[in-house]
Structure formats: C-alpha cells, structure tokens
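Throughout, read-outs are computed from the coordinates displayed, never taken from laboratory work. Fair warning: this is a prediction, and the values are worked out from it, not measured in the lab. Positions of Cβ are generated from backbone atoms using ideal geometry, with glycine treated the same way; all protein chains shown enter the neighbour counts.
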Amino acid sequence: MRSRGKFSTCCANTSDTNSAYTMRIAISTGGGDAPGLNAVIRAVVLSALDRGWNVLGIKRGYMGLLGEDDVVPLTRESVRGIQHLGGTILRTTNRGNPFSYPVLNADGSMGEVDRSAELIENARNLGIQAFITIGGDGSLAIAQQLFERGVRIVGVPKTIDNDVAGTVATFGFDTAVSTALEAIDKLHTTAESHDRVMVLEVMGRNAGFIALHAGVAGAVDVVLLPEIPYDIERVCQVVRDRDHSGRKYTMIVVAEGAFPQGGTSSVAGVSLPGQAPRVGGIAGRLANEIQARTGKESRSMVLGHLQRGGMPTGYDRLLATRFGGAAVRAVADAHWGHMVALQTPRIVTIPFTEALKETKRVDPRHDIVLTARALGISFGD
Ligand code: F6P
C-alpha cells in the first residue's frame with residue numbers, strides 16, 4: 001500500500017514488513033538520475049532486511065516526506081529484478097531542497113521556504129530512525145544540513161560526472177563513459193567518410209571526466225575540458241595540420257562546461273526555480289567557428305541525457321551494490337554525517353564535509369592528460 005502525504009505505512013502483508021523489526025530506515029534518491037541507482041536501492045533493502053530492519057522508500061528526493069509524493073515500504077518483492085535497470089524506482093528530483101523549497105509568492109514571483117522542520121517531524125511520525133540518501137553534491141549538501149539538525153543520515157555518492165571529492169568513482173560514471181565511447185566510435189566512421197570535423201558534446205558541467213575518459217579511450221584528436229580553457233585558433237590548427245597530413249577528418253569531444261580562454265561556458269535553455277543554471281550548446285558553437293575559420297565542413301552532436309539512461313555497466317552494478325551494502329553497515333556503525341566512498345581497493349566512509357570541500361575536477365597533471373598529450377591529443381591550449 002502507498003500513501004501520499006498521509007505517511008501511513010500500512011504495508012503489504014509480507015514477512016519483510018512485520019512489526020517485529022529492529023530498526024526502520026528510509027532511503028531517498030536525489031538530483032540527476034544515474035545508471036546504478038536501482039542496484040544501490042536493491043543492495044540497501046536486501047542488506048537491511050538481512051539485519052531484521054524495515055525499509056521505507058521516499059519518493060522523488062524528499063518530496064515523499066513533504067506531502068508532495070509518497071512514502072512506500074520497500075520489500076524483497078519491491079527490488080526483485082531491478083539490478084540492471086537504469087533510473088530509480090523511487091524517482092528523483094533536482095528541485096526538492098527542503099531547506100530552500102521553491103514557492104510561488106502572492107505577487108507571482110518565485111521564493112523559497114525552509115521546510116526542513118516539517119520533513120524531520122514527518123520522519124519522526126513515521127518512526128524513521130535513520131536515512132540513507134543517494135545523491136550528488138547537491139543532495140550531499142542537504143544531507144549535511146539534516147545531519148547538523150540531528151538527523152541520523154548516511155550518504156551514497158552518485159553522479160555520472162564523477163565530480164564528488166573523496167571517492168575514486170561514483171556509480172553512473174562508467175556507464176556514461178561507455179555511452180559516450182559508443183557514440184565516438186560511430187562518429188569516427190561518418191566523419192572520415194565525409195572528410196568532416198565532428199564535435200561531440202558530452203555532459204560535465206564543472207568537471208570534464210566523461211570527455212577525458214571517453215575521448216582518450218576513443219582516440220579522438222581534441223578533448224576540451226572545463227579545467228583547461230581552450231584557444232579556438234589552436235583547435236583550428238589541429239584541423240589544418242591533420243588536413244595537410246592527409247587525415248582529412250577531425251574528431252573533437254567537448255564537455256558541456258568547457259569554455260574559451262577569457263570566455264565563459266555556454267548557457268543552454270532556462271532552468272526552473274531551484275535548479276542549477278543549465279550549460280550546453282558549446283558543440284554547435286565550436287563547429288560553426290571551426291567551419292568559418294578553416295573552411296572544413298563541420299558538424300556537431302549533443303549526447304545529452306543518453307548518458308544518464310540505460311542499463312548500468314557491470315562495473316557500475318558492482319560499485320553500486322558495494323556502496324549499498326557499505327551504507328547499511330555505516331548505519332549499523334552509526335557513521336552519521338558520513339558517505340561511503342571508493343578508495344581503491346576499499347570502500348570507506350568519509351564525512352560529508354570532506355566530500356563537499358570542493359568539486360573533484362580533472363587535474364591537468366593527471367597521467368591520463370599527460371599520456372593523451374604524448375599520443376598527440378590536443379586540449380586546445
Ligand atoms: O549532474 C549530472 C548532470 O547530468 C550533468 O552532467 C548535467 O549538466 C546535468 O546533470 C543535467 O541536469 P538536468 O537533468 O536537470 O538537465
């Protein structure tokens with residue numbers, strides 16, 4: 001049975017939801033979705049049930065605890081067959097910050113209200129004793145604020161951008177790179193067939209990990225990152241040099257947040273209240289500039305949300321499962337205010353504050369960048 005705003009947790013009559021549980025936890029998924037979310041949910045639910053705990057699922061970030069969506073019991077049946085599914089059975093939102101909840105003012109302007117006390121009270125009324133929140137930097141910042149208000153909460157880092165500090169990888173990243181690489185392989189053939197410049201835009205607002213990993217793995221000619229502002233003339237020189245050497249096509253991968261030296265990233269579309277500004281459109285801008293400066297026929301493509309969908313890779317399914325199991329152990333060990341993190345070869349827990357200190361970004365001295373340059377890949381600088 002599900003409830004919308006009534007917070008009733010009358011549950012299906014199964015052994016997973018009898019009243020003799022030793023602890024009741026709640027799990028939520030926030031921010032952009034990522035392949036692997038369902039594998040985390042499944043691992044949390046099965047690990048918790050193995051301890052005799054009871055699990056509730058909060059729909060759409062924290063909306064289920066604000067009367068804007070449901071709170072549902074999660075049982076073995078709930079998570080059966082979801083390991084390989086993209087998306088999240090709990091759904092998500094990147095507009096649900098309970099501390100600055102978007103509201104429409106009487107004068108028609110948009111405002112924000114703090115609904116955190118309401119959330120905490122509703123959780124108490126449901127008998128929720130601890131939270132496991134799965135999210136990126138935005139969700140982890142909310143979790144830190146809840147922790148500071150006495151909420152017992154553990155985090156699982158999630159983003160295809162892989163820009164959460166303190167963890168070698170976040171689940172979703174490997175799948176996004178695989179999706180981008182598949183696109184690069186396909187674009188190589190059409191670019192070569194037409195002697196064209198092909199510019200592929202991938203996700204990565206502040207960090208260019210997807211562009212870097214997929215670009216190097218895909219043996220492209222130019223990789224443009226937010227961390228290394230580019231000189232359009234340098235990019236065009238790569239095109240000209242390749243042309244003169246008989247390699248009549250050029251493959252360029254650009255992170256959506258990349259920008260020219262002295263410039264700013266491209267804005268694409270209008271974001272809604274409570275959402276981060278939307279970046280994008282750099283690929284089309286670059287293709288037009290390159291064509292105008294070099295005379296080479298240029299085309300562009302934005303991979304967009306294809307990188308957020310689909311079935312998680314085996315690596316992401318395993319990492320997500322490891323994170324879910326570790327999060328339940330962190331709850332059992334009362335590591336409140338901590339998130340699980342991959343610090344190869346182990347999964348550890350680190351304070352939210354450590355993860356939130358800064359956004360993890362590509363280090364221009366990283367071996368992948370150094371090797372890419374040695375192989376002749378240009379970063380436009
Ligand atoms: O943070 C993950 C991410 O996919 C970014 O790479 C991208 O810029 C953003 O989310 C897109 O957000 P939305 O789904 O709101 O368009």
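Report the net charge of residues surrounding HIS335, where surrounding means a beta-carbon distance below 11 angstrom and charges are Lys +1, Arg +1, Asp -1, Glu -1.
Every neighbour counted, the sum reads +1.
In degrees from 0 to 90, rounded to the nearest 10, what is the angle of the helix 282-294 Cα long axis to the longest principal axis of the chain?
0 degrees
Please name whichever of LEU272, SER100, ILE347 sits farthest to the positive end of the charge dipole of the chain, dipole taken about the Cα centre and charges placed at Cβ: Lys and Arg +1, Asp and Glu -1.
ILE347
Apply the Karplus curve 6.51 cos²θ - 1.76 cosθ + 1.60, θ = phi - 60°, to the phi angles in segment 221-234 and return the couplings in whole Hz, x for Gly and Pro.
3J(HN,Hα) across segment 221-234, in whole Hz: 9, 9, 10, 10, 10, x, 6, 10, x, 9, 10, 4, 5, 5.
What is the Cα centroid distance between segment 87-123 and segment 320-345, reported in whole angstrom?
If you average the Cα positions of each part, the centres end up 27 Å apart.
Eigenvalues of the Cα gyration tensor times 5, then square-rooted: what semi-axes does that give for segment 175-263, in whole angstrom, largest first?
Largest first, segment 175-263 gives 21, 18, 8 Å.
Size of the dipole of segment 71-142 about the Cα centre, Lys and Arg at +1 and Asp and Glu at -1 on the beta carbon, nothing else charged, in debye to 20?
Result for segment 71-142 is approximately 400 debye, rounded to the nearest 20.
One-quarter of the Cα convex hull surface for segment 104-206, in nm²?
It is 11.3 nm².
Cα-based Rg of segment 222-381 per 2.2 N^0.38 Å, rounded to two decimals?
Computed over Cα atoms of segment 222-381, the ratio equals 1.34.
Roughly what % antiparallel, to the nearest 5, for the DSSP beta bridges in the chain?
35 percent
Report for segment 101-166 the percent antiparallel among DSSP-assigned beta bridges with both residues inside it, nearest 5.
45 percent
Using amide H atoms built in the peptide plane, which far-off residues or other-chain residues are under 5 Å from SER271 H to H?
Residues meeting the criterion, in which the H sits 1.01 Å from N, are ARG278.
What would the Debye equation give as log₁₀ I(q)/I(0) for segment 298-381 at q = 0.12, 0.17 Å⁻¹, counting only Cα atoms as equal point scatterers?
The calculated log intensity ratios at q = 0.12, 0.17 Å⁻¹ are -0.64, -1.02.
Defining a contact as two alpha carbons under 8 Å apart and six or more residues distant in sequence, what relative contact order in percent does the chain show?
Reported as a whole number, the value is 21 percent.
Work out how far the C-alpha atoms of the chain reach from end to end along every principal axis, then list the three figures in whole Å, largest first.
Between the extreme Cα coordinates on each principal axis of the chain lie 75, 53, 33 Å.
What dipole magnitude, in Debye to the nearest 20, does the chain give about its Cα centre under +1 on Lys/Arg Cβ and -1 on Asp/Glu Cβ?
So the magnitude is around 760 debye.
Calculate the dipole size of segment 310-381 relative to its Cα centre from +1 charges on Lys and Arg beta carbons and -1 charges on Asp and Glu beta carbons; express the result in debye to the nearest 20.
120 debye
Using θ = phi - 60° and the Karplus relation 6.51 cos²θ - 1.76 cosθ + 1.60, list the HN-Hα couplings for segment 242-252 in order, rounded to whole Hz, with x at every Gly or Pro.
Calculated HN-Hα couplings, in order: 5, 4, 5, 8, x, 8, 7, 10, 9, 9, 10 Hz.
Could you give the longest part of the chain that holds none of the trypsin sites (Lys or Arg not before Pro) found in DSSP loops with at most 11 neighbouring Cβ atoms within 10 Å?
Answer from the scan: 81-356.
Using alpha carbon centroids, what distance separates segment 186-263 and segment 129-164, in Å?
Value for the Cα centre distance between the two parts: 34 Å.
Pop a pseudo-label 7 angstrom from the Cα along the beta-carbon direction at both ALA334 and SER193 and give the gap in nm to one decimal.
Here the modelled spin labels are 6.5 nm apart.
Towards the positive end of the charge dipole of the chain, with charges on Cβ (+1 Lys, Arg; -1 Asp, Glu), say which of ALA117, ALA183, GLY81 has the farthest Cα.
GLY81
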